[in-house]
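The numbers here are math on the coordinates, done by the rules we state, and not lab data. Everything numeric here is computed off the predicted structure, so don't read it as measured data. Cβ sites come from the backbone with ideal geometry, for glycine too, and all protein chains shown count toward neighbours.
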Amino acid sequence: MTTFAFPSPSALSRRTMVGVAALAAVVCLWSSFALSTRALETTGMSMGDAAIMRFGVPAIALAPWIPRTLRHLRGEHASVIALVLLAGLPHFLLFAWGAHLTSAALTGLLVPGTVPLFVTVLLFLAFRSPIPRRRLIALGAIVAGVAVSATLTGGPAGEGGIAVLMAAGLVWAAYTIGLSRTRLDPLGVIALVSLTSLIAALVLAAAGALPSQLFSGTVDVPAWGAYALVQGVGTGMLSTACYVVAVKNLGSSITAAAGALSPVLTAVVAVPLLDEPLTVGLAVALVLIVSGVVAFALTPAGAARPPAADRRR
């Protein structure tokens, strides 16, 4: 008697499923990152305290992986390491500064929303690869959304905050490209970024460049504990690990595009949680940017990616 077995899912299907699941987690965790960063003022914590907690928790948790990660750095190009390190303290300070100047919804919209634009521009400048027309149209929608947010949603510091958030998006785009070229595994990336950022944050706080309650002896233990859970564990470890997995399985362009869907969740949750209004200008910007990233993600990426030989190198 002949028995039949159902075929197992192909390697490509498994990779796609893993990548999509990782992206879903990234969307939720990025939303919590934007909300908790915007709410930083209400906790009484300073930016230096937040940075120490954000990177200190994963650095301590992943301490056993640090020696192995440092050994693996010998095979990495210095430029790739520099790009990966941008995801640490540089991005966090820009993100927190922009959140302070704007709103949670706008923070959650502009940073991930502009990443696909900057990734495409950086890849074009580096590899001169042609950009499909549909992606150009999608990127045009993103640019229009940014312009709307700059003109219709700001307060007195709105434009400055938007510029800072766009700088944070550019930094994250550079990190995304470096992430796609590094040989480090997800835990190695988190360990490296967290350790270097923690050291830098402690040095800046001790020197007085970053205000910190840690060095003044006025630590609010409940606030630090809650922030350690949301930022240290959620953003510092889980979101970074999921983002690395998504990039490895889906590619940098698609991951950057789909990750921009987190603003929808952020804008909705910010209304009851932070009492932020969903204005007409923000709604228009949200529709333009989200529709742009969806169209971007649905466009085949083959023509926009660097040649295979360059990717291997």
Review point. Can you put I66, I52, I162, I60 in order, fewest other beta carbons within 10 Å first?
Key: I60, I66, I162, I52
Check your understanding: If you project the alpha carbons of segment 97-235 onto the principal axes, what extent comes out on each, in Å, largest first?
Key -> 56, 44, 26
Study note, to complete from the structure: Counting sequence-distant residues (5 or more places) and residues on other chains, those with an amide H built under 5 Å from that of Q213 are S46, D49
Point to revise | segment 16-312 - Rg and Dmax from Cα coordinates, angstrom | key: 18.4, 57
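With a 10 Å Cβ neighbour count serving as the proxy for reagent exposure, in which order, fewest first, do L229, L117, L265 appear?
Working: L229 13, L117 26, L265 17.
Least to most surrounded, the residues fall as L229, L265, L117.
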Study note, to complete from the structure: Fewest to most Cβ atoms within 10 Å: C28, C242 sort as C28, C242
